[in-house]
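The values are calculated or read from the model by the stated rules, or taken from the named source; none is laboratory data. It should be emphasised that the depicted structure is a prediction, and the values quoted were computed from it without experimental measurement. Note that each Cβ is placed from the backbone with ideal geometry, even for glycine, and that neighbours are counted across all protein chains shown.
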Amino acid sequence: MDIADLIIDDRERGIFRVHRSSMTSPELFRRERETIFDRCWIYVGHESEVDNPGDYRCRTVTGRPLLLARGQDGEVRVFLNSCPHRGAMICRRPEGHARVLRCFYHGWTFNTDGALIGVPGEDAYGPGFDRSEMSLREPPRVDSYRGLYFVSFNPQVEDLVTYLAGARDYLDLVLDQAEEGMRVVSGSNRYTIKANWKLLAENSVDSYHLLPTHRTYVDYVTGLGTDDSGDTMAARPPGVGRALGNGHCVGENVARNGRPIAHWHPLFGEEAKAPIERARRRLAGRFGEERARRMADTSRNLLIYPNLLILDFVAITIRYIEPLAPGTMDVTAWHLVPREESGARLATRLDSYLTFFGPGGFATPDDVEALESCQLGFRASGNEWSDVSRGMLNPAPGTTDELQIRGFWRQWHANMQGRRQANVQDADPGKPETPAVPGTTVLAGER
Ligand code: FES
Ligand code: FE
């Protein structure tokens with residue numbers, strides 16, 4: 001099948017369909033490597049994971065072993081985790097702290113700035129051997145945005161801020177909640193899902209599935225739940241879905257019980273009210289009333305194209321998707337918290353995170369089940385189409401519509417055809433764009 005035909009995007013009739021071979025074909029999977037993962041900015045890690053000189057973290061990023069390390073000079077760097085001598089992985093533990101990095105194979109040593117500082121039996125090399133040419137290699141491009149480090153294997157990639165497009169403002173809404181910066185809590189959840197990576201990208205910004213799939217959680221938290229007829233839409237969260245350019249997208253929902261500290265969770269009882277109110281007032285002082293309300297009273301599920309999620313919902317999760325095969329992905333999730341938070345508040349936040357996103361939480365096992373079920377269902381026929389048309393003619397798409405998912409797919413389709421950018425919006429160019437995110441008025445009515 002021609003790649004141009006993998007998506008039906010009929011803006012007039014409001015029909016959007018994705019051919020399911022996009023999720024099953026080994027050939028298309030290989031092409032994604034070339035046209036997407038080797039061309040975009042891809043997330044590696046957060047600076048707080050290597051807080052001290054000598055700290056390092058091993059990461060596999062779209063199949064490549066990389067090293068995130070802080071040198072003795074205080075700089076954070078990303079290296080290829082492969083010895084310049086004959087290729088062995090320099091670091092084989094997932095994380096650690098070292099003054100020097102020593103390759104176990106022949107014993108070459110490097111400092112944490114990447115320079116080669118020791119070669120056993122160096123006198124056997126000729127005069128042309130130059131240590132400075134044997135430093136640890138870095139990916140063609142490395143850049144960071146407010147502590148989030150990305151790499152690109154495309155030397156021509158645009159700068160990171162340009163690439164982030166409309167996602168940057170949403171990242172700011174998340175990161176500005178901290179007064180002393182954010183840090184990643186030590187430890188992570190890692191799991192494998194037997195499904196195509198794009199199914200989790202879709203799922204992470206999809207509110208349509210929230211009530212049917214996570215009904216037990218919603219009943220537990222809000223008491224809203226479903227009525228006996230099974231109509232889940234009566235209790236759907238008000239919010240908006242947006243395509244943010246370059247394939248990034250967001251589902252932004254009203255969070256009923258106040259954020260950023262309370263989140264949407266009964267664990268936060270009466271005693272939390274006063275500190276929450278104080279935090280809200282501080283946010284208003286720093287950012288103004290309007291923006292503070294948006295930060296505190298909406299949650300956001302943000303996809304940074306192609307494979308990074310910042311889920312600012314219940315707690316703040318960094319979710320990284322590593323595609324392994326057409327029907328398999330690895331997922332790693334970290335918990336991002338304000339540096340100033342500690343004690344009972346931090347414990348409650350962590351508990352809230354585990355309750356929803358944890359391995360035995362309300363959400364993750366349900367989502368894994370749903371995605372694996374889709375992947376199994378695709379076996380029924382290789383020629384079927386998945387429908388992503390929901391809300392396509394809606395002039396004000398909500399999060400239970402699928403505009404944000406279409407934005408992702410349009411960018412994917414453009415990249416797969418060798419184009420850098422797509423028109424990610426539902427409306428024709430020239431027609432008005434997606435309406436604004438719910439603001440003060442809507443939120444005030446909801447509370
Ligand atoms: Fe690393 Fe030889 S491969 S020292
Ligand atoms: Fe879910």
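How many residues are of a type outside the set (G, A, S) and closer than 18 Å to D330 by Cα when one looks only at segment 171-204? So that I can check it myself, show each step before the final result.
If we filter segment 171-204 for residues that are of a type outside the set (G, A, S), which is where we start, we get 171-177, 179-180, 182-185, 189-194, 196-200, 202-203.
Then drop every residue that is not closer than 18 Å to D330 by Cα, which leaves 189-194, 196-200, 202-203.
Residues that pass the stated criteria total 13.
Tell me, which residue of segment 194-205 that is within 11 Å of ligand 2 (Cβ to nearest atom) and in contact with a strand residue (DSSP E or B) (Cβ under 7 Å, 6 or more places away or on another chain) is nearest to S25 (Cα to Cα)?
So in segment 194-205, the residues within 11 Å of ligand 2 (Cβ to nearest atom) come out as 200, 202-205.
Next, only the ones that are in contact with a strand residue (DSSP E or B) (Cβ under 7 Å, 6 or more places away or on another chain) stay: 200, 204-205.
On the way: L200: 17, S204: 22, V205: 24 Å.
Here the residue is L200.
Please verify whether G126 is within 15 Å of ligand 1 (Cβ to nearest atom) and either closer than 30 Å to D159 by Cβ or loosely packed, with under 15 Cβ neighbours inside 10 Å (or both), treating the condition exactly as stated. Before you say what the answer is, go through the steps one by one.
Working: within 15 Å of ligand 1 (Cβ to nearest atom): no; either closer than 30 Å to D159 by Cβ or loosely packed, with under 15 Cβ neighbours inside 10 Å (or both): yes.
Here the answer is no, as G126 does not meet what is asked.
Enumerate the strands (runs of 3 or more DSSP E) found wholly within segment 103-159, keeping only those where 3 or more residues are closer than 30 Å to Y170 by Cα.
Hits in segment 103-159: 141-145, 148-152.
What are the residues in segment 342-356 that are at pLDDT 85 or above and either within 16 Å of ligand 2 (Cβ to nearest atom) or buried (at least 20 other Cβ atoms within 10 Å of the Cβ) (or both), if any?
L354
Scan segment 76-122 for residues that are under 27 Å from the mean Cα position of the chain (by Cα), within 12 Å of ligand 1 (Cβ to nearest atom) and hydrophobic (A, V, I, L, M, F, W, C) and jot them down. Step through it out loud before you land on a result.
To start, the set of residues in segment 76-122 that are under 27 Å from the mean Cα position of the chain (by Cα) comprises 76-82, 89, 91-97.
This time we only want the ones that are within 12 Å of ligand 1 (Cβ to nearest atom), so: 81-82, 89, 91-92.
Passing the criteria: M89, C91.
Any residue in segment 174-185 that is aliphatic (A, V, I, L, M), modelled with pLDDT of 90 or more, assigned to a strand (DSSP E or B) and touching a strand residue (DSSP E or B) at 6+ places or on another chain (Cβ under 7 Å)?
Of the residues in segment 174-185, the ones aliphatic (A, V, I, L, M) are 174-175, 178, 182, 184-185.
Narrowing further to those that are modelled with pLDDT of 90 or more: 174-175, 178, 182, 184-185.
Then drop every residue that is not assigned to a strand (DSSP E or B), which leaves 182, 184.
Next, only the ones that are touching a strand residue (DSSP E or B) at 6+ places or on another chain (Cβ under 7 Å) stay: 182, 184.
Yes, because at least one residue in segment 174-185 is aliphatic (A, V, I, L, M), modelled with pLDDT of 90 or more, assigned to a strand (DSSP E or B) and touching a strand residue (DSSP E or B) at 6+ places or on another chain (Cβ under 7 Å).
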